[in-house]
Each structure stands twice: as C-alpha cells, then as structure tokens.
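Peer 1: First, the structure itself, so that you have it in front of you.
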2 protein chains.
Amino acid sequence: MSMESPASIPTPHTLIAGSDGSWAIRSIRPVVGASLPRAPRLQFLQGQGPIPPSAVWALSGVTSHVRYMTEHEQRAVSRVQAALGRPEATCAALIPIRKSPEWWALAQDQRREIMQERSRHFAVGMEYLPAIARRLIHCRDYGGEFDFLTWFEYAPEHEAAFEELVDRLRATPEWAYVDREVDVRMTR
Amino acid sequence: MSMESPASIPTPHTLIAGSDGSWAIRSIRPVVGASLPRAPRLQFLQGQGPIPPSAVWALSGVTSHVRYMTEHEQRAVSRVQAALGRPEATCAALIPIRKSPEWWALAQDQRREIMQERSRHFAVGMEYLPAIARRLIHCRDYGGEFDFLTWFEYAPEHEAAFEELVDRLRATPEWAYVDREVDVRMTR
C-alpha cells in the first residue's frame, strides 16, 4: 500500500503525541517561541480518526493543492521525490511552524518572491531529494496553533544532510517571518 | 460596528438556510450540477456559532489571506471595495462553486494564468466596485460540498450590473473548470 495521498485532493492528517504510535520521540526543541509538551511516542494518522483521550497533544491539518510551486517546479519535484514509509527511513522529523501576521498580509506575488526568488525554498529542498521524503500539511485556516506541519522521513545515514537542510532554510529571508517553530525528532 | 474582518486573519463564516435570518431567499438556481434544497430564509453568521437543528442546509468556511492577487491588484481593490452591511444594499447573492480535480491538479502559475491573464477575473470584478460588495469564503480543504462561497451585496438599482458581472465571469476560460455552481438570491 502506498502512503501517498492522491496529489492535490484534500486529505486530513493528524499527528498524535502520547503513549502510542510507531515513532519514538527522541527530542522536542523550541526553535522560535513556545515548545510543545514532552511525550514518549507519536502516531502519524492519515485520514480521519478519533484523538485518543491519552493524547498529550495532537496537531491536525490537510495535504492539499500546491500554493506556490510553478508547473516547472512541480514537475521537477515529482520526478525525484520519495514516498513516505520506506523501510530504510527509520528517522523522522516533525516541524510545525507559524508565520507572522505580516507574512499573511502580503499579496501572493510578494510571498512567492520572498519564498522562492529570494530564499530558493524549493531549489534548496530539491537538493536533498530523494534522500529526504517530505509531506506538507496545511493547518492555517483551522484555528490551530500552527500554519504548517512538515513531516520528513530519512535513513540514519542522511541525518547530517537533514541538519544541513533545516539550517539552510532557517537562514533564509523567508524564515524572518516565522514566529513560532518547534522541532520534533523521532526514530522507529 | 464594521462587518469587515481584519484582512488576512482566518475568520469562520457560516451561511445557514432555514426558517431564520435577516435575508429572505427569493430563488435558488442550479447553474452547474446539483442545486441546494429550498428554504425561506438565510442567516449570514460571521464567527463561530452553533448550527440550529431547524437548518435546512448550512455551508461553512473561512475568509483568509489572498491566494492569487498581486500587491498591485490587492491595493487597487482595497482602494475601491465596499464593506458589507451598507443600509442601501438590500439585495444579496450567495454563489457556492466547486472547481474540478483538473483545476486543483494545476500548479499555482497555471491557475493564476487561467484566472487572471486569460479570464481577467480581478479586472472584471473591479469594474463593478464599489457598487457590488463581495466577500470570498474558502471551504476547500474542509471536506464540504463546495470550494468557495462568494457573498455579494448591492442596492436594487445595481441588480442589472450584478447580472452582467456573473454572466461575464461564467463566460471565461476559468469557468470551464467549475463543476458545480448554485446561485442563491436574497433580499432583506
């Protein structure tokens, strides 16, 4: 069974931290703003499902259509991206972020310009494909604590590459608009 | 009290058809695909609120940041747009639409190109400001029946202009991607 949802069809996802789930949480680190509470395990739930009463925290959102990528970029990514659930990808990271009101007040072309033309977000991410699989979950507009939840999976030998990727993104002009970010690392 | 929500901050809206509400429903017409059930009145609810058991149907979504408009377009619109709730604007229209899977599978630049460069969506809409006030409510990603709910308010003397506006938009290349559309007309 493929873990990929059909491209662009809204698909709910919930990430539940607590006593259950196939991922053992190794660290939860606040990068900007408040952290999330500690918990031993995390469950990655694709589709609808109840949040168990034992949950310490749960973050929900949907995968959906692309918001910024051009046809050219989308094709380039789809040629090289990896699926979730690869047996060798025993490391995962969950990076929930929120962007500032200033970011969201910008027009579409201004956000695109900061994100790609000035920060090369997609181009930087592309350099780490297919080693690092990625899924973007949207949660702005749902009244939650974050705007996006990004989920990454990679083999242990690509851990240094993953660190480099997040360091590079955090140094971009785009990240000046991030007003909350938490970094959760897991293994299974 | 202004009825405008702060620009770009996600604000829930629910449109409830049933026996209550300040708007008397004059007609409900299917434009493409299935219609919505008949009901005598409609309530425009900004913010969170329970859906009464007497509701015949209810459509929910959020106002949020702009998805396609450039800085230039956004400034031009904000200079001339009208607020909801003007005393003279006693006519309203609710036009829920859904776009096809083919639309949502397009990249951002392809959707923008069809919407504005080929269909002149914003430019056409601008010609009818400030006579026709408009609010766009997003509901794709929420699992509902429609992708957008657009709410319009205008004075009776601008009814012919409103008909012209919707006729022009329905004749654009963008509208070839609309696979469901209902047109609800009201007065108060």
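Read the figures in this text as sums done on the coordinates, not as results from a lab. Please read all numbers here as calculations on a predicted model, not as lab measurements. Cβ sites come from the backbone with ideal geometry, for glycine too, and all protein chains shown count toward neighbours.
Peer 1: Which ones in the range A:32-76 are of a type in the set (A, V, I, L, M, F, W, C), part of a loop (DSSP other than H, G, I, E, B) and either within 14 Å of chain B (Cβ to nearest Cβ) or closer than 30 Å to residue B:100 by Cβ (or both)?
Peer 2: Selection gives A:66, A:69.
Peer 1: Would it be correct to say that residue A:61 is buried (at least 18 other Cβ atoms within 10 Å of the Cβ) and either out of contact with any Leu (no Cβ under 7 Å at 6 or more places or on another chain) or within 30 Å of residue B:144 (Cβ to Cβ) (or both)?
Peer 2: Against the criterion (buried (at least 18 other Cβ atoms within 10 Å of the Cβ) and either out of contact with any Leu (no Cβ under 7 Å at 6 or more places or on another chain) or within 30 Å of residue B:144 (Cβ to Cβ) (or both)), residue A:61 qualifies.
Peer 1: Then there is this: Taking the conditions exactly as written (farther than 27 Å from residue A:70 by Cβ and either free of Cβ contacts under 8 Å to residues at least 60 places away in the same chain or more than 15 Å from the chain's Cα centre (by Cα) (or both)), does residue B:105 satisfy them or not?
Peer 2: Against the criterion (farther than 27 Å from residue A:70 by Cβ and either free of Cβ contacts under 8 Å to residues at least 60 places away in the same chain or more than 15 Å from the chain's Cα centre (by Cα) (or both)), residue B:105 does not qualify.
Peer 1: Kindly indicate the residue of the range B:6-25 that is within 14 Å of chain A (Cβ to nearest Cβ) and of a type in the set (Gly, Ala, Ser) and also surrounded by the fewest Cβ atoms within 10 Å (Cβ to Cβ) among those meeting that condition.
Peer 2: Looking at residues that are within 14 Å of chain A (Cβ to nearest Cβ) and of a type in the set (Gly, Ala, Ser), I get B:7.
For every residue, the table says whether it meets (1) in contact (Cβ under 8 Å) with a residue 60 or more places away in the chain; (2) closer than 30 Å to residue B:156 by Cβ.
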{"site": "B:41", "(1), (2)": "no, yes"}
{"site": "B:58", "(1), (2)": "no, yes"}
{"site": "B:84", "(1), (2)": "yes, yes"}
{"site": "B:92", "(1), (2)": "yes, yes"}
{"site": "B:101", "(1), (2)": "no, no"}
{"site": "B:117", "(1), (2)": "no, no"}
{"site": "B:120", "(1), (2)": "no, yes"}
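Peer 1: Can I ask one more? Residue under question is residue A:28, and the condition is that it be of a type in the set (Val, Ile, Thr) and either within 14 Å of another protein chain (Cβ to nearest Cβ) or surrounded by 18 or more Cβ atoms within 10 Å (Cβ to Cβ) (or both); does it hold?
Peer 2: Answer is yes for this residue.
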